[in-house]
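What follows is a short report on a single structure.
The values are calculated or read from the model by the stated rules, or taken from the named source; none is laboratory data. None of the values given here were measured: they were computed from a predicted structure. Glycine gets a Cβ as well: all are built from the backbone with ideal geometry, and neighbour counts include every protein chain shown.
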Amino acid sequence: MLDTVRLYFSDTFGSADGVRVIMAPGRVNLIGEYTDFNDGFVLPMTVDRGVYLGIRPRMAQRVRIASSRFGELIEGSLGEFKRPEPGHWSCYVLGVVEELRLLGLISTGFEAVIDGNLNLGAGLSSSAALEIATAVALQTIFNFEMSRIDIAILCQRVEHRYAGVMCGIMDQFASSLGRKGHALLLDCRTLSHVNIPVALGDYRIVIISSEVKRELASSAYNERRSQCEDGVLAFKQKDPTVEALRDVSIEALEAYGGELSEVAYRRCRHVITEAARVLDASAAIGAGDLAQFGALMTQSHLSLRDDFEVSCAELDCLVDIASGVEGVLGARMTGAGFGGCTVTLIHKDSIDALRVQLLTYTERFSLNPEMFVLDGNWEAGEVLAS
């Protein structure tokens, strides 16, 4: 990708002299869905795909940014860009630029190109990777001090203010701080985190894209967040120390859940049980108990399907197909749902059998799912010639 980005930069801006290339990876959430904005725990892992950003500073105030994927070039003066429509690729980039400008960390313009091999809208956090790549790239050329944790927090703020999605911190944190060969156990309340070595032996993590675009995900995400907040208000009346669903035990849910609406009860039940599953799964993978880890993955999917209601027929089908293949220890949807990807823990000798079984998915939905086997995982940073 390094040569591809440099060539695109040269074609767009006349030369690639002085260009720095930054990559930020996508992430797959192994377990812990919709727990981050409830101050819970998550266990993401970066993938071996990402967003690449080639960048070069300019002495003038002019900013020029081109996207290979969308075939668009935007330009304007620093601090004078019209705010893009939420969801447009440029809102993530310009949001980071504006937040850093307001902090006084950048004061001159730059030229940049964006490319990558990360599936858009597949639940692998392409938007967070784009935000992190932009922030790290600007830090690289302007040499300002900011920790990777603070970069993640700034990029989450961009998602809120410019994209209109009230996401938790997981996606940005994983892309910014994920490490090779490790999953990241993150406490979303304190932002304390532990890198857990992932030793899979003969097993592999397989990601399957449903090829269903997550058109409902943003609105559903905000709706689910509001429902969880309603649950917190109800439990806070019983216990004033409750600040988030993280503070509610399953025993308290069972004791007072009857005072919630049926929908709110199921939403809260997912979040509370999912937080426990994350901690159990972290202990399992740390101990090398892959069978237990896989079982918890499958339990997570059932909870997302039945209690949080963010799955869809296509994702359920992919999980069912995987679960029926010998050598699969667990499978679940990952990401916001309503499309996107599934993640499967499978023995390496069973991968071909899974690929064959996916033909039944194509026959049912007339979609061709993309399947890729995670070949290690990447860290955000500058890409140098090997």
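Below is a table of values for the structure above.
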quantity: Selection from the stretch 122-146 of residues that are surrounded by fewer than 18 Cβ atoms within 10 Å (Cβ to Cβ) and not β-branched (Val, Ile, Thr); calculated: 142, 143, 144, 145, 146
quantity: Filtered residue count, the stretch 338-360, keeping only those that are in contact with a strand residue (DSSP E or B) (Cβ under 9 Å, 6 or more places away or on another chain), in contact (Cβ under 8 Å) with a residue 60 or more places away in the chain and part of a helix (DSSP H, G or I); calculated: 3
quantity: Lone qualifier among 81, 37 - being touching a Leu at 6+ places or on another chain (Cβ under 6 Å) and of a type in the set (Phe, Trp, Tyr); calculated: 81
quantity: Considering residues of the stretch 321-337 that are in a helix (DSSP H, G or I) and of a type outside the set (S, T, N, Q) only, the residue surrounded by the fewest Cβ atoms within 10 Å (Cβ to Cβ); calculated: 321
quantity: Residue 191, sole failed condition from (1) among the aliphatic types (A, V, I, L, M); (2) in a helix (DSSP H, G or I); (3) not assigned by TED's automatic domain parsing to the domain that holds residue 294; calculated: (2)
quantity: Residue in the stretch 56-67 that is closer than 26 Å to residue 28 by Cβ and either in a helix (DSSP H, G or I) or in contact with an Asp or Glu (Cβ under 7 Å, 6 or more places away or on another chain) (or both) present; calculated: no
quantity: Within the stretch 95-118, tally of residues that are over 17 Å from residue 57 (Cβ atoms) and touching a helix residue (DSSP H, G or I) at 6+ places or on another chain (Cβ under 7 Å); calculated: 4
quantity: Residue 75 being acidic (Asp, Glu), in a loop (DSSP other than H, G, I, E, B) and without any contact (Cβ under 8 Å) to a residue 40 or more places away in the chain; calculated: no
quantity: Enumeration of residues in the stretch 224-264 that are among the polar types (S, T, N, Q) and part of a loop (DSSP other than H, G, I, E, B); calculated: 241, 249, 261
quantity: Residues being in contact (Cβ under 8 Å) with a residue 40 or more places away in the chain, farther than 27 Å from residue 352 by Cα and surrounded by 17 or more Cβ atoms within 10 Å (Cβ to Cβ) - total across the stretch 280-320; calculated: 5
quantity: Residue among 159, 211 that is part of a loop (DSSP other than H, G, I, E, B) and in contact with a helix residue (DSSP H, G or I) (Cβ under 9 Å, 6 or more places away or on another chain); calculated: 211
quantity: Residues located in the stretch 1-40, provided they are part of a strand (DSSP E or B) and within 23 Å of the chain's Cα centre (by Cα); calculated: 21, 22, 23, 24, 25, 26, 27, 28, 29, 30, 31
quantity: Selection within the stretch 99-127 - assigned to a helix (DSSP H, G or I) and either modelled with pLDDT under 95 or not assigned by TED's automatic domain parsing to the domain that holds residue 61 (or both); calculated: 126, 127
quantity: Scan of the stretch 49-78 for residues that are out of contact with any helix residue (DSSP H, G or I) (no Cβ under 6 Å at 6 or more places or on another chain) and surrounded by fewer than 16 Cβ atoms within 10 Å (Cβ to Cβ), ordered by number; calculated: 58, 59, 60, 61, 62, 69, 71, 72, 73, 75, 76, 77
quantity: All positions within the stretch 249-272 that are crowded, with 16+ Cβ neighbours inside 10 Å and free of Cβ contacts under 8 Å to residues at least 60 places away in the same chain; calculated: 252, 253, 256, 257, 260, 264, 265, 266, 267, 268, 269, 272
